[in-house]
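Read the structure below first, then the notes.
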Amino acid sequence: MLTVRDLSVEFTTDRGVVTAVDRVSFSVDKGEMLGIVGESGCGKSVLARSIIRILPMPPARIRAGQLTLDGTNLLDLSEREMQKLRGKAVTMIFQEPMTSLNPKFKVGYQIAEVFRKHFGLRSSEAIERSVEMLALVGIPDPEERAKSYPFQLSGGMRQRVIIAMALAGDPQLLLADEPTTALDVTIQAQILDLIREINERSGTSMILITHDLGVIAELVQRVIVMYAGQIVEMTTTENLFDRPLHPYTVGLRNSIPDIDSPVSKYDGPLNEIAGSVPALDDLPIGCYFQGRCPKRMQVCADRQPVLKEVSPGHHVRCWLND
Amino acid sequence: MTDQNVNVSGRLVVGRFRSARFISGRMASNKMLMVGGVIVAVFTLMAIFAPWIAPYDPLELHIKDRFSPPSASFWLGTDNLGRDILSRLIFGSRISFQVGAIAVSIAIAGGVLIGAVAGFVGGIIDDILMRIADALLAFPPLLLALGLVASIGPGLWTVSLAIGVVYIPRVARVMRGSVLVERKRDYVVAARVLGQSPWKILLFHIGPSTISPIIVVATIIFALAIIIEAALSFLGVGLVPPTPSWGIDLDVARHYLHRSIWMPLFPGIAISLAVLGLNLLGDGLRDYLDPRSYSTNAANTGS
Ligand SMILES: Nc1ncnc2c1ncn2[C@@H]1O[C@H](COP(=O)(O)OP(=O)(O)OP(=O)(O)O)[C@@H](O)[C@H]1O
Ligand SMILES: [Mg+2]
């Protein structure tokens, strides 16, 4: 459905050109939920924003061997054509439910806007449909809630409204950039349930960005692990937890408590990965992870490993697997 | 804990916030707002109902009563030609507020358009427009207006036009600034990913939030327009005598300082009071409409 090949995003900054996303290739099937994990600054948001093309250009520059959604080459589209696809073919939801809704309009009206825009519905019809959407995302008393202003709703409610807006255009692909990070834990679980339910019911493909491996374990079938703009590992969720191959993935894996086993069971130390991500304008020759890698070898400093398929569907960028 | 509970407590927070810190923080600005509002309202009423309020025709000469001090028949005295000072002041407010209104309309129309384009389109267009604006802002407004009026001639409309044009860059700056802030808001980006057209985004999501700063700057420009009109008229290049302009009356009074203290005193007070009122109103509105009070409000409703 979505095919990305050799997608790079560069930013022109005061200190030169930095590559925030570096030759990333992957695809998402119809109805699939793909996860993207990685530390802050590794390029997750930039990647998603480049797919839906809302990066400021300049300073951003997008290059790709291929970027197609359902056979449409997104990079060939003019801004006008892209605008028609946004909200309908592909849309995005963000981390901050508190600020992602316009405080000046009622939520029902804001959802109705999408129906008016993409299906040319008249106002009354559009409002009816938005009430249906509110019901669909599990908001009690949707008729009344549609008349609320965003400030009258809690964070969880707002995120539901935002999801309703995103679904109003019936998109084929939904990019969710840390949709639950700003919510407290109980609400997080509810929103994740909702996202799963929508994915199952509507068959919308999703890319779920998070730095919470717990979210990955719960929701997605396949995971991309990013580091300094590159994919370092791409595999099924099962493999990610049971057979992580890249030392960085192993580090991420060990930095969370074991989900299935009781805390008492000693399963290796619960570790932060030592050191920090290198700056994008100061990347080493060779493997970008070498400075923090416990299994560093000579070759890591000399040459950059390539992303290799070591077993069917399991890709790793590491000299250990050569 | 369900969403609903959070919602209820969210409302409680708003309630508490409003009743305590919120209100007391707004008290000071409310006072400015009230005093300024009252002064401006009085002048506005005076301007509108001048013919009914003024005791005399502002041009009528009472030859026998030249230079008379305040008295029962002439409350604020008369000038060198025996014209009633009070009546001239009242009609003068009409002139001042006409100039202010026309100048502000022109400044807002031009500035909002240019600022919105610069802020929203960005890039090279923004660079060019703002470079020009900065260059114009480097001149003292009075000097620019003086040059403009000198080239297009005196009169109410030309003076207003000149003042309006002079303040276009200032409005453009304010407008561009708030568009730049607004366009980065999460809900603007969210509207984009939902496929809203740039026009709709500019009008619906960005536009409303720029109204408050524009209202504030409009009030201040109104005051400045009154000062500049008075100054131009005082310098003899603005309105033409015998128009009852405060500036003209001051200019005339200048020649008779040894005969009458009332002639310069009252127009001077009128100008100061009108400008003070407008500035108080502007500052009060600034505090009252401050977007920060809006967002702290929103932030405090959080779960
Ligand atoms: N407009 C920009 N100009 C220059 N550099 C940028 C710009 N936007 C993002 N970057 C850079 O791109 C890199 C990736 O940022 P991105 O926001 O994608 O990270 P992320 O993985 O989403 O992190 P987080 O988990 O904190 O959201 C960062 O190093 C950032 O500095
Ligand atoms: Mg991000």
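The values are calculated or read from the model by the stated rules, or taken from the named source; none is laboratory data. Remember, predicted model here, so these are calculated numbers, not experimental data. With ideal geometry, Cβ positions are generated from the backbone for all residues, glycine too; neighbour counts draw on all protein chains shown.
Tabulated data for the structure shown
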read-out: Filter pass, B:L180 being of a type outside the set (S, T, Y) and under 26 Å from B:G277 (Cβ atoms); value: no
read-out: Among (1) within 28 Å of A:L219 (Cβ to Cβ); (2) in a helix (DSSP H, G or I); (3) more than 10 Å from every other protein chain (Cβ to nearest Cβ) - the single one A:R158 does not satisfy; value: (3)
read-out: Residue count, region A:203-220 (criterion: farther than 17 Å from A:I231 by Cα and hydroxyl-bearing (S, T, Y)); value: 2
read-out: Restricting region A:291-322 to residues that are in a strand (DSSP E or B) and among the charged types (D, E, K, R), the residue that is surrounded by the most Cβ atoms within 10 Å (Cβ to Cβ); value: A:K308
read-out: Criterion: within 15 Å of the chain's Cα centre (by Cα), under 29 Å from B:V252 (Cα atoms) and at pLDDT 90 or above - qualifying residue of B:I168, B:I163, B:I214; value: B:I163
read-out: Elements of type strands (runs of 3 or more DSSP E) in region A:54-121, at least 2 residues being on the phi < 0 side of the Ramachandran plot, within 16 Å of ligand 1 (Cβ to nearest atom) and at pLDDT 85 or above; value: A:60-63, A:90-93
read-out: Region A:1-49 - residue that is of a type outside the set (D, E, K, R) and in contact with a Gly (Cβ under 7 Å, 6 or more places away or on another chain) and, of those, surrounded by the most Cβ atoms within 10 Å (Cβ to Cβ); value: A:V21
read-out: Single residue of region B:178-197 satisfying the filter (at the interface with chain A (Cβ under 8 Å from one of its Cβ atoms) and not aliphatic (A, V, I, L, M)) that is surrounded by the most Cβ atoms within 10 Å (Cβ to Cβ); value: B:G195
read-out: Check on A:R23, part of a loop (DSSP other than H, G, I, E, B) and either more than 9 Å from ligand 1 (Cβ to nearest atom) or within 14 Å of chain B (Cβ to nearest Cβ) (or both); value: no
read-out: Criterion: more than 14 Å from chain B (Cβ to nearest Cβ), out of contact with any Asp or Glu (no Cβ under 9 Å at 6 or more places or on another chain) and within 22 Å of A:S202 (Cβ to Cβ) - qualifying residue of A:G35, A:G31; value: A:G35
read-out: In region A:94-119, the residues that are more than 10 Å from chain B (Cβ to nearest Cβ) and under 12 Å from A:A164 (Cβ atoms); value: A:V107, A:G108, A:A112, A:F115
read-out: Which listed residue, of A:Q172, A:Q190, is polar (S, T, N, Q), within 14 Å of chain B (Cβ to nearest Cβ) and under 19 Å from A:T91 (Cα atoms); value: A:Q172
read-out: Filter result (touching a residue at least 24 places away in the same chain (Cβ under 8 Å) and basic (K, R)) within region B:147-184; value: B:R170, B:R173, B:R176, B:R183
read-out: The one condition in (1) within 14 Å of another protein chain (Cβ to nearest Cβ); (2) in contact (Cβ under 8 Å) with a residue 40 or more places away in the chain; (3) within 23 Å of A:M206 (Cβ to Cβ); (4) touching a strand residue (DSSP E or B) at 6+ places or on another chain (Cβ under 8 Å) that A:A60 fails to fulfil; value: (3)
read-out: Some residue of region A:195-207 being closer than 20 Å to A:E39 by Cβ and either aromatic (F, W, Y) or out of contact with any Asp or Glu (no Cβ under 8 Å at 6 or more places or on another chain) (or both); value: yes
read-out: Pair list, Cβ under 6 Å, 6 or more apart: region A:40-52 residue farther than 17 Å from A:T68 by Cα, other residue more than 9 Å from ligand 2 (Cβ to nearest atom) and of a type in the set (S, T, Y); value: A:C42/A:Y227
read-out: Top-ranked residue of region A:96-112 - restricted to ones that are closer than 11 Å to B:A190 by Cβ and not hydroxyl-bearing (S, T, Y), ranked as surrounded by the most Cβ atoms within 10 Å (Cβ to Cβ); value: A:P97
read-out: Pick from region A:33-48, criterion of a type outside the set (S, T, Y) and out of contact with any helix residue (DSSP H, G or I) (no Cβ under 9 Å at 6 or more places or on another chain), ranking: nearest to ligand 2 (Cβ to nearest atom); value: A:K44
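Here's the yes/no breakdown for (1) closer than 30 Å to A:K88 by Cβ; (2) aliphatic (A, V, I, L, M):
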| position | (1), (2) |
| --- | --- |
| B:V193 | yes, yes |
| B:W199 | yes, no |
| B:F204 | yes, no |
| B:T210 | yes, no |
| B:I228 | no, yes |
| B:F234 | no, no |
| B:P244 | no, no |
| B:R254 | no, no |
| B:L257 | no, yes |
